[in-house]
1. For a quick check of your reading of the filter: which GluC sites (Glu not before Pro) in segment 20-77 sit in a DSSP loop and have no more than 12 other Cβ atoms within 10 Å?
2. Rounded to whole Hz and in sequence order, give me ³J(HN,Hα) for segment 4-12 from the Karplus expression 6.51 cos²θ - 1.76 cosθ + 1.60, θ = phi - 60°, writing x for Gly and Pro.
3. When the chain is fully extended, how far beyond the present Cα-Cα distance does ILE14 get from ILE34, taking 0.36 nm per residue of separation?
4. Any idea what angle helix 52-68 forms with the longest principal axis of the chain, computed on alpha-carbon atoms, 0 to 90 degrees, nearest 10?
5. Out of every Cα-Cα pair in the chain, what percent are more than 15 Å apart?
6. Which order do the peptides 27-39, 11-23 take when ranked by the mean count of other beta-carbon atoms within 10 Å per residue, highest first?
7. At 1.4 Å probe size, with every protein chain present, just tell me what the per residue accessible area of the chain comes to in Å².
8. When only C-alpha pairs under 8 Å and at least 6 residues apart count, what is the relative contact order of the chain, in percent?
Amino acid sequence: MMLPDYKLDVAIKIAERLRKRIADSEVIFQHNLINLTVSIGLASLNIDDKDLDLVLQRADEALYQAKESGRNKVVVL
């Protein structure tokens, strides 16, 4: 998801709200309750970034850090 008109602090709040909403949801599949979680990696466009690929690489790295450090969290790089 790209949030081009939002500062990083607002994007973090949006990501945390989304993460919590997913974690608090109840999904029933074949009569079983399934607990869902989501890991989110965030990165912002820096003045030194030459192209969007660099931002996407940082967001991808942040996502893997979120997964490797216990999942169900937001990590910012």
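The values are calculated or read from the model by the stated rules, or taken from the named source; none is laboratory data. Every value quoted in this text rests on a predicted model; they were computed, and no experiment measured them. Reconstructed Cβ throughout: ideal geometry from the backbone, glycine too, with neighbour counts over all protein chains shown. Protein only, heavy atoms only, side chains kept; ligands, DNA and RNA dropped before computing areas. Shrake-Rupley method; radii C 1.70, N 1.55, O 1.52, S 1.80 Å.
1. Those that pass, being in a loop and sparsely packed, are GLU26.
2. Each residue of segment 4-12 in turn: x, 9, 10, 6, 4, 4, 6, 4, 5 Hz.
3. Full extension of this stretch gives 4.8 nm more.
4. Value to nearest ten degrees: 40.
5. Tail fraction, whole percent: 60.
6. The peptides rank, most packed first, as 11-23, 27-39.
7. 80 Å²
8. So the answer I get is 31 percent.
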